[in-house]
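The values are calculated or read from the model by the stated rules, or taken from the named source; none is laboratory data. Just so you know, these numbers come straight off a predicted model, no measurement behind them. Every residue, glycine as well, gets a Cβ built from its backbone with ideal geometry; the counts of neighbours run over all protein chains shown. Heavy atoms of the whole protein, side chains included, go into the accessibility calculation; ligands, DNA and RNA do not. Shrake-Rupley method; radii C 1.70, N 1.55, O 1.52, S 1.80 Å.
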Amino acid sequence: MTDVVFIGPSLPADEVGRLLPDAVVLPPVAHGDLLRLDVAPGDRVLVFDGFFLQHPPVRHREILDLLDRGVTVAGAASRGALRAAELWPFGMRGVGEVFQLYRDGVVTGDDEVAVVHGSAEDGHRALSVPLVNIRVALRRAVAAGVLSDTEAVLLLNIGRDLPFRRRSYRALERSAPPEAKDVVDRFLTWHRQDPSDTKGADARLLLSMAADNAPELCPAHPGDQPIDNLHTRFLDSWRSRFAGESVGGHWTSDREAAAVLMLLHPESPTWHRRGVLAGLAEVDITDPAVEERASEVARRRGLTGAPASGWDWLTDRERDLDDREAVLRVLVRAFGTTPYRSLALWMVAAPLRTPALLTAARQVAATAASLNETLVPQTTGRRRPGGRLHFRTEIGDACFARLWGSAVDELEAAAWDRGFVDLAAFRYAAEPLVAYVKAFGSPRLPTVGTRAQEGTLAGPAARVG
């Protein structure tokens, strides 16, 4: 069993290691981080802290995806407590006082757990105090007889009016009106003698429960609601964007690997065509008679002869094709293109998704990324994240037209034959590979049906043939 912990300002990383030895400790979670995890049923993911300004926050479907796969996901203290309060009916486990406050609707604002914190090198040290900590401290002061309920509400409202970046006990003291000075002084004098850190306490509680294999952290419960309508195009898009592997210091996503296989593998049009026709004929993609069976399906459905609605899928030169071939091309292009700009591995023909081919495709993508890093605007000599030069459309089109042996004005048809819905989708996927193709030409990718050694990488300068 693997334990993965996402934590930042709520608790120091070394304390996580002391409470839950052998846990994989990662920085605060952000959108996409859960999709990168190599976890399996029975593993546990503990979420404490998460980004929400610097990066998009972790999405609910990312957590539901893990739950659906049999992974235990539990949250406490901060972003984890908030997500657990939203998803506990579906099986995410929540622990601690912060979770209970959100679950019961006492706290509803995300800002109550928000803090300013230092960098990763600084251990994500908290530089402000979350309002939820102040709230619980005021509640304890009421229970201890230090404050009345009315006085606690007064101080809570003062803290709530402060921007989350400025919240602290000192700021509470400075912001209090003159008539509340005595109340603030009484509260802070008591608090300094008996300080509390609710988020830290909740984090320690969940880590201790995980170390003890507490039954409350079971992966499934009879009362959990079923997770329906999980696999949408949004989740598919996120997975293809974030899931992947690191190659040579570059993270290569499934989307990038799919682009390499669809755009650069010489057998891509052949296997894409066979896959689409096999699906229409409801036969296996390796059936040697797949085109004849698809043609028979077309005849039964009255699609003999290139239909008027299908001419848009053919180039001017292709309109002289015989009826059988014209119909097959129309079928492949009409039923085999995806409207999604973000590619995914499922869009690649199954015979091209072998481990050896995926490994080689990721190597090509990593090499292409390295080349693109050199495309820095010369006007400044500096590069912001993602701020490289991009190739003009006509250069990319000409590059791939030469590679595919196609006329530039027939490039869209060549893109259709690889599964792209239009030139815009093709160009979006192809532009990051233009520098690679211009520098090295076509990569040497393992052919389908040969026993390539696992882990064999693409030689950038070698050509197929």
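Considering only the stretch 396-416, state which residues are open to solvent by 40 Å² or more (accessible area, probe 1.4 Å) and not small (Gly, Ala, Ser). Selection gives Arg402, Leu403, Trp404, Val408, Asp409, Glu412. The set of residues in the stretch 204-229 that are aliphatic (A, V, I, L, M) and within 25 Å of Gly8 (Cβ to Cβ) comprises Leu205, Leu206, Leu207, Met209, Ala210, Ala211, Ala214, Leu217. Taking the stated definitions as given, is Asp111 of a type in the set (Asp, Glu), over 22 Å from Phe187 (Cα atoms) and either in contact with a His (Cβ under 9 Å, 6 or more places away or on another chain) or in a helix (DSSP H, G or I) (or both)? Taking the combined requirement at face value, the residue satisfies it.
Every residue, every condition in (1) of a type in the set (A, V, I, L, M); (2) modelled with pLDDT of 90 or more, yes or no:
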site: Arg139; (1), (2): no, yes
site: Leu155; (1), (2): yes, yes
site: Arg174; (1), (2): no, yes
site: Trp190; (1), (2): no, yes
site: Ala211; (1), (2): yes, yes
site: His221; (1), (2): no, no
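Looking across the stretch 175-200 at every residue that is farther than 18 Å from Val142 by Cα and over 42 Å from the mean Cα position of the chain (by Cα), the one that is most open to solvent (accessible area, probe 1.4 Å) is identified as Glu179.
Would you call Arg273 more than 26 Å from the chain's Cα centre (by Cα) and either among the charged types (D, E, K, R) or within 20 Å of Ala368 (Cβ to Cβ) (or both)? Considered against the rule, which asks whether it is more than 26 Å from the chain's Cα centre (by Cα) and either among the charged types (D, E, K, R) or within 20 Å of Ala368 (Cβ to Cβ) (or both), Arg273 comes out as yes.
Within the stretch 281-291, the set of residues being in a helix (DSSP H, G or I) and without any contact (Cβ under 8 Å) to a residue 24 or more places away in the chain comprises Ala281, Val290.
Please indicate, with yes or no, whether at least one residue in the stretch 20-27 is open to solvent by 30 Å² or more (accessible area, probe 1.4 Å), β-branched (Val, Ile, Thr) and either under 16 Å from Leu207 (Cβ atoms) or over 23 Å from the mean Cα position of the chain (by Cα) (or both). Checked the stretch 20-27: at least one residue is open to solvent by 30 Å² or more (accessible area, probe 1.4 Å), β-branched (Val, Ile, Thr) and either under 16 Å from Leu207 (Cβ atoms) or over 23 Å from the mean Cα position of the chain (by Cα) (or both). No other residue among Ala298, Ala294 is over 30 Å from Arg36 (Cα atoms), touching a Ser or Thr at 6+ places or on another chain (Cβ under 7 Å) and touching a residue at least 24 places away in the same chain (Cβ under 8 Å) apart from Ala298. Being over 30 Å from Glu151 (Cβ atoms) and polar (S, T, N, Q) holds for only one residue in Ser246, Ser168, and it is Ser246. For the stretch 98-114, the criterion of a residue being open to solvent by 10 Å² or more (accessible area, probe 1.4 Å), within 26 Å of Asp14 (Cβ to Cβ) and modelled with pLDDT of 95 or more is satisfied by at least one position. Candidates Thr393, Thr380, Thr374: the one that is open to solvent by 50 Å² or more (accessible area, probe 1.4 Å), of a type in the set (S, T, N, Q), more than 17 Å from Asp254 (Cβ to Cβ) and at pLDDT 95 or above is Thr393. Within the stretch 419-428, the residues that satisfy the criterion of being surrounded by 23 or more Cβ atoms within 10 Å (Cβ to Cβ) and within 26 Å of Leu389 (Cβ to Cβ) are Phe420, Phe426. Scanning the stretch 1-40 for residues that are among the basic types (Lys, Arg) and more than 20 Å from Pro56 (Cα to Cα) yields a total of 1.
Condition check ((1) free of Cβ contacts under 8 Å to residues at least 40 places away in the same chain; (2) on the phi > 0 side of the Ramachandran plot; (3) open to solvent by less than 20 Å² (accessible area, probe 1.4 Å)) across all residues:
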{"residue": "Asn229", "(1), (2), (3)": "yes, yes, no"}
{"residue": "Trp238", "(1), (2), (3)": "no, no, no"}
{"residue": "Ala258", "(1), (2), (3)": "no, no, yes"}
{"residue": "Met262", "(1), (2), (3)": "no, no, yes"}
{"residue": "Pro266", "(1), (2), (3)": "no, no, no"}
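Scoring Glu86 on the criteria (1) in a loop (DSSP other than H, G, I, E, B); (2) surrounded by fewer than 20 Cβ atoms within 10 Å (Cβ to Cβ); (3) in contact with a helix residue (DSSP H, G or I) (Cβ under 7 Å, 6 or more places away or on another chain) leaves a single failure, condition (1). Screening Val434 against (1) open to solvent by 10 Å² or more (accessible area, probe 1.4 Å); (2) aliphatic (A, V, I, L, M); (3) touching a Cys at 6+ places or on another chain (Cβ under 8 Å) leaves a single unmet condition, (1).
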